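The values are calculated or read from the model by the stated rules, or taken from the named source; none is laboratory data. The shown structure was predicted, so the numbers you read here are calculated from the model rather than taken from an experiment. All Cβ positions, glycine included, derive from the backbone under ideal geometry; neighbour counts span all protein chains shown.
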Amino acid sequence: MSKRTHTDMTEGGASLIGTVQRLRSARMARQMMMLVMVFSLINFSTILMTDSKYGGNKTFEMSRERVNFDETIASAYTDGDFRRVYRMSKDTFNDLHNILLPRLLQIFFPSGGGTRDPSKSKYLIDTKVRLSIAMRFFAGADPLDLFGWHGVSLVSVFISIWGVIDAVNSTSSLAFGFPDADGQRMIAEGFLAKSGAGFDNVIGAIDGILIWTRMPSLAMAEYVNVGQSNFRCHRKDKYGMNMQAICDHMLRFLWIDINWPGSSSDYMAWVTSSLYHNLVSGAQKILEGMTLIGDCAYVKKPFMATPLKGTRRGYEDAYNYFHSQLRTTIERASFGVLVHRFAILRSPLSIPLPKVGPLVMCLCRLHNFCIDHKENVCDGVDGGNWNHLNSEVRRYQEEEGGSSGVVQLSRAGGRPSALLDNCHHFIDAERHRQDSDDVHTPMDAMLASVKDQNLRRPPPRS
């Protein structure tokens, strides 16, 4: 036998032995895996039989005593404490429940059958309890605390929250929209009463706010076809969504739009909105001489009055002052009241991006409802809620490297400065600014009014 033939046989034998060993190892690995699965199954079955809190079967499920909201929860609070916890009085809470009740019954009892008396069914969660869970969540409470307080499971907490959001957003009496002619006249009269220059043609104040969220996952960014980095507002060191909003003189929202990521400018978010295109095309009617007011992120139009750019003197400086007197209605008042009342907005929202819009719409509708019921002032955020918000922000800092803290309101009228002016939007507006003299706009009439009255900026208070 040649040396080469002997070598080939040796190598072939070694290869065969290696193959056998690999097959034996793979077979042993499969056997070990099967043993682990069998022991795990036996162990899990033992848990199900001995510890009912892990069971999904009704026979072994944890027994929970359903509570009656009025008798057990509401009665435990004084009127002041109730308002501090729920951000509204007991009467307002009951009015809200009565408005939502038909829709809540449709959502939580879709078939219409079965008993609806909590005293007759240990599985029933009362609609007031569900509303209580949602309102406390909006106020910043921890879901892990909510299920213990209300005697429900953690899953039921989230089912209740999103069921209430659905009910609020689908109840027509809580809806809002851009005002008609009569509404525009009424709002103009309201702004006139607030104007030191006698501006009688303002029908709304517009601005943008960053809705703070966690960094979206790569899968979610791919799903919405927007890069992760586009959701980050580097100026505020936050991820989120850009919300455009218009409010009236009573701080009520008239219109909101939340379709752009946090890095987008206010100008871009506004000019791509359906309302802007309707105003430009005339599909949305606005009374002759009436106007919206906004900051330098927006551009002078027949329906938009903005400040004069740069340093101004005389009547032009006075115009900027009296213009800002009304414009700050939305950033210091509407946004400030919204964030103060619903403290969930003071820390990053830990919800999927498609759910941010419905949640914010629900909060804006509830904001208007509270104002209509004279719930204009709220006490400070509850201590337990504040601790939860702080923990959410710490988790954000650890996982995403952010340096932002819980959103505080400035002393200047409750302005949520950490969420406003969320990007460098003035450059965008500058490229599209149209100050042609041949187009007379309501802004020109406002300037002329300040000049004719010989108004000047009031001296600073000593």
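G208 fulfils the conditions (1) out of contact with any Asp or Glu (no Cβ under 6 Å at 6 or more places or on another chain); (2) crowded, with 22+ Cβ neighbours inside 10 Å; (3) modelled with pLDDT under 95 except for a single criterion, (1).
Does V280 meet the test of being touching a residue at least 40 places away in the same chain (Cβ under 8 Å) and not acidic (D, E)? The answer is no for V280. If the condition is being touching a strand residue (DSSP E or B) at 6+ places or on another chain (Cβ under 9 Å), surrounded by 14 or more Cβ atoms within 10 Å (Cβ to Cβ) and outside any helix (DSSP H, G or I), then segment 161-187 contributes F176, F178, P179. Restricting attention to segment 114-134 and to residues that are basic (K, R) and at pLDDT 60 or above, the residue that is surrounded by the fewest Cβ atoms within 10 Å (Cβ to Cβ) turns out to be K122.
Among residues belonging to segment 307-331 that are of a type in the set (V, I, T) and closer than 20 Å to P458 by Cα, point out the one that is surrounded by the fewest Cβ atoms within 10 Å (Cβ to Cβ). Among residues in segment 307-331 that are of a type in the set (V, I, T) and closer than 20 Å to P458 by Cα, the one surrounded by the fewest Cβ atoms within 10 Å (Cβ to Cβ) is T311.
Examine segment 394-406 for a residue that is modelled with pLDDT under 95 and touching a Gly at 6+ places or on another chain (Cβ under 6 Å), and state whether such a residue exists. Yes, that holds for at least one residue.
Specify the residue that is modelled with the highest pLDDT; the eligible residues are those in segment 407-431 that are surrounded by fewer than 13 Cβ atoms within 10 Å (Cβ to Cβ) and over 22 Å from I258 (Cα atoms). Restricting to residues being surrounded by fewer than 13 Cβ atoms within 10 Å (Cβ to Cβ) and over 22 Å from I258 (Cα atoms), the top hit is Q408. Could you tell me which residue of segment 292-309 is farthest from L447 (Cα to Cα), considering only residues that are in a loop (DSSP other than H, G, I, E, B) and out of contact with any Ser or Thr (no Cβ under 9 Å at 6 or more places or on another chain)? Here the residue is K309.
Residues are listed down the side, and each one gets a yes or a no for (1) more than 23 Å from F335 (Cα to Cα); (2) in contact (Cβ under 8 Å) with a residue 12 or more places away in the chain; (3) not in a loop (DSSP other than H, G, I, E, B); (4) not assigned by TED's automatic domain parsing to the domain that holds Y298:
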position: V155; (1), (2), (3), (4): yes, no, yes, yes
position: G190; (1), (2), (3), (4): no, yes, yes, no
position: A193; (1), (2), (3), (4): no, yes, yes, no
position: G198; (1), (2), (3), (4): yes, yes, no, no
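When segment 228-258 is filtered for residues that are over 30 Å from E189 (Cα atoms), without any contact (Cβ under 8 Å) to a residue 40 or more places away in the chain and assigned to a strand (DSSP E or B), only R232 remains.
Under the condition of being surrounded by 13 or more Cβ atoms within 10 Å (Cβ to Cβ), touching a residue at least 60 places away in the same chain (Cβ under 8 Å) and not aliphatic (A, V, I, L, M), the residues counted in segment 392-406 number 4. For segment 348-368, a tally of residues being of a type in the set (S, T, N, Q) and modelled with pLDDT of 95 or more returns 1.
Just one of the numbered conditions (1) buried (at least 19 other Cβ atoms within 10 Å of the Cβ); (2) in contact (Cβ under 8 Å) with a residue 60 or more places away in the chain; (3) over 23 Å from the mean Cα position of the chain (by Cα) is not true of C364; which one? Looking at each condition in turn, C364 falls short on (3). Identify, by number, the condition in (1) within 29 Å of G140 (Cβ to Cβ); (2) touching a Gly at 6+ places or on another chain (Cβ under 8 Å) that I293 doesn't meet. Going through the list (1) within 29 Å of G140 (Cβ to Cβ); (2) touching a Gly at 6+ places or on another chain (Cβ under 8 Å), I293 breaks only (1). Which residue pairs have Cβ atoms closer than 6 Å, lie 6 or more positions apart in sequence or on different chains, and pair a first residue in segment 323-340 that is assigned by TED's automatic domain parsing to the domain that holds G414 and over 11 Å from D207 (Cα atoms) with a second residue that is among the aromatic types (F, W, Y) and part of a helix (DSSP H, G or I)? Pairs that qualify, where the first residue is assigned by TED's automatic domain parsing to the domain that holds G414 and over 11 Å from D207 (Cα atoms) and the partner is among the aromatic types (F, W, Y) and part of a helix (DSSP H, G or I), are L326/F191. The residues in segment 200-219 that are touching a strand residue (DSSP E or B) at 6+ places or on another chain (Cβ under 9 Å), within 30 Å of I351 (Cα to Cα) and outside any loop (DSSP other than H, G, I, E, B) can be counted, and the count is 9.
Within segment 95-122, residues that are hydroxyl-bearing (S, T, Y) sit with their Cβ atoms under 9 Å from residues that are modelled with pLDDT of 60 or more, at 6+ positions apart or across chains, in these pairs: T115/S121; T115/L124; S119/R66; S119/N68; S121/R66.
Residues in segment 214-254 that are surrounded by fewer than 20 Cβ atoms within 10 Å (Cβ to Cβ) and either of a type in the set (V, I, T) or under 21 Å from A333 (Cα atoms) (or both): V224, V226, M250, R252.
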